[in-house]
Amino acid sequence: MQYRKLRVIISGGGTGGHIFPALSIAGCLKSLNPETEILFVGAKGRMEMEKVPAAGYKIVGLEISGLRRSLSLENLKLPFRLLSSIRKAKRLIREFRPDIAIGVGGYASAPLLRAAQSLGVPTLIQEQNGFAGLANKMLARKAGRICVAYEGMERFFPADRIVLTGNPIRSEIVPADGKMREEALNFYGLDSSRRQLLIVGGSLGSRTLNQAMQKWISEGCPGGENVEIMWQCGKYYKQETDSFMQGRELPHIHYSDFIARMDLAYAAADVVVSRSGASSISELCAAHKACIFVPSPNVTEDHQTHNAMALVRKDAAILIADGEAGEKMMKEACALLADGERRKTMEKNIALLERRDAARAIADEVYSLLEK
């Protein structure tokens, strides 16, 4: 296949789960042809407006936001913001003249792809979850290709346009050998004689996971005699966690608002407790880690539960409902840390679900679609 120079718009964002796959796709397209030009389109005030420029790409923000679940006057503004965003997206498309528009999910994805489709620009959707959202289901009617991470997505999308590619992940996420684990333990100052637990609630943090940890600590850390913990509490909950931890002498519990070197955090961990966003699951499959998932209930169509169940059915993960996390999360985590045979089985099973070449597979679909 000839990888000619392209002009590509990539839209979406809102969380690391959308941004990191988008950057992986962009990086792969640039590696195939360094002259390819890429423009990102995101939502103003969201994480992508910071992370994308830091990765060296230009981004334009749209005045778009999601529907509030509670009664709010902000919901009345949504139709006007959507129309305004579509108009601005059309202007961007006419100015940039892309060969293709790629949507990875998030607030900005829908207006940009809708505008592209109305102007005759080929579009590709990357659906990360096991249960498709309403926007992607609507956009799929005119999309040229739909790249998915889970089997059985024909119930949401036209079967003849679906390609099972997996979710793109950060290239540094790999299964840890002994040397990498030793590096990780030294990097974070962890005790090699203890079993290591990583608790991560996504790029913004999770109140449920934090409260489960606080409850366990308040009860005296039962079952945690030989356990060391890395706990990402999230930037929204850092001050709250600081207040809770103040005056507590717990040298084997390390918390922070953000973990920059997730590759080393995964390498150090014997067990990972996590929300079940699509990107998190894909990274944990690539890292071959025994996992306990606590799906967030605050997502469209409960897609995090669908994501996690795809692994649970293959004995590759444990699922704990959000409402049961306070009672069960740390009890299950400590039990799994103590059960080496169970961990090995889960590590073996989750490794079978790894799709490391997802970004390249999506890039190839971009070129295949344009050749047609």
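The values are calculated or read from the model by the stated rules, or taken from the named source; none is laboratory data. On a predicted model such as this, the values are computed, not experimentally measured, just so you know. Backbone-built Cβ (ideal geometry, glycine too); neighbour counts: all protein chains shown. When the accessible area is computed, the model is the full protein with side chains, heavy atoms only, and any ligands, DNA or RNA have been set aside. Shrake-Rupley method; radii C 1.70, N 1.55, O 1.52, S 1.80 Å.
Applying a threshold of 8 Å to beta carbon distances and a minimum spacing of six or more residues, or different chains, the list of pairs starting in segment 134-154 at a residue that is farther than 23 Å from Arg356 by Cα and ending at one that is of a type in the set (Lys, Arg) and open to solvent by 50 Å² or more (accessible area, probe 1.4 Å) reads Leu139/Arg114; Ala140/Arg161; Ala143/Arg161; Gly144/Arg161; Gly144/Lys372. The combined condition, being closer than 23 Å to Gly45 by Cα and among the polar types (S, T, N, Q), is not fulfilled by Asn167.
Quick one: would you say Met213 is part of a helix (DSSP H, G or I) and either open to solvent by less than 60 Å² (accessible area, probe 1.4 Å) or in contact (Cβ under 8 Å) with a residue 60 or more places away in the chain (or both)?
Details: part of a helix (DSSP H, G or I): yes; either open to solvent by less than 60 Å² (accessible area, probe 1.4 Å) or in contact (Cβ under 8 Å) with a residue 60 or more places away in the chain (or both): yes.
It is true that Met213 is part of a helix (DSSP H, G or I) and either open to solvent by less than 60 Å² (accessible area, probe 1.4 Å) or in contact (Cβ under 8 Å) with a residue 60 or more places away in the chain (or both).
Say whether the condition of being at pLDDT 95 or above, within 22 Å of Gly166 (Cβ to Cβ) and among the aliphatic types (A, V, I, L, M) is met by at least one residue in segment 323-345. No, there is no match, as no residue in segment 323-345 is at pLDDT 95 or above, within 22 Å of Gly166 (Cβ to Cβ) and among the aliphatic types (A, V, I, L, M). Looking only at segment 180-193, decide whether some residue is surrounded by 13 or more Cβ atoms within 10 Å (Cβ to Cβ), at pLDDT below 95, touching a helix residue (DSSP H, G or I) at 6+ places or on another chain (Cβ under 8 Å) and within 29 Å of Val294 (Cβ to Cβ). No - not one qualifying residue is present in segment 180-193. Can you work out which of the residues in segment 118-136 that are under 11 Å from Thr300 (Cβ atoms), in contact with a strand residue (DSSP E or B) (Cβ under 9 Å, 6 or more places away or on another chain) and not polar (S, T, N, Q) is surrounded by the most Cβ atoms within 10 Å (Cβ to Cβ)? Only one residue tops the list, namely Ala132.
For segment 11-27, give me each residue that is open to solvent by 20 Å² or more (accessible area, probe 1.4 Å) and hydrophobic (A, V, I, L, M, F, W, C).
Our first condition is that a residue be open to solvent by 20 Å² or more (accessible area, probe 1.4 Å); within segment 11-27, this holds for 15, 17-18, 20, 23-24, 27.
Correct list: Phe20, Leu23.
Within segment 77-170, considering only strands (runs of 3 or more DSSP E) that don't extend past its boundaries, which have at least 2 residues that are touching a Gly at 6+ places or on another chain (Cβ under 7 Å) and more than 22 Å from Thr305 (Cβ to Cβ)?
Working: elements: 100-103, 123-127, 145-148, 162-164.
Answer list for segment 77-170: 123-127.
In the set (1) over 24 Å from Asn298 (Cα atoms); (2) touching a strand residue (DSSP E or B) at 6+ places or on another chain (Cβ under 9 Å); (3) open to solvent by 20 Å² or more (accessible area, probe 1.4 Å), Asp257 fails one condition alone, (1). Summed over segment 347-372, residues that are under 22 Å from Val272 (Cβ atoms) and over 21 Å from the mean Cα position of the chain (by Cα) total 1.
Among residues of segment 194-210 being outside any helix (DSSP H, G or I) and without any contact (Cβ under 8 Å) to a residue 60 or more places away in the chain, the one that is least open to solvent (accessible area, probe 1.4 Å) is Gly205.
Here Met49 clears all of (1) among the hydrophobic types (A, V, I, L, M, F, W, C); (2) closer than 24 Å to Gly202 by Cα; (3) outside any helix (DSSP H, G or I) except the condition numbered (3).
Here's the yes/no breakdown for (1) surrounded by fewer than 24 Cβ atoms within 10 Å (Cβ to Cβ); (2) within 22 Å of Arg207 (Cβ to Cβ); (3) free of Cβ contacts under 8 Å to residues at least 60 places away in the same chain:
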{"residue": "His252", "(1), (2), (3)": "yes, no, no"}
{"residue": "Thr300", "(1), (2), (3)": "yes, yes, no"}
{"residue": "Met309", "(1), (2), (3)": "yes, no, no"}
{"residue": "Gly323", "(1), (2), (3)": "yes, yes, yes"}
{"residue": "Leu336", "(1), (2), (3)": "yes, no, no"}
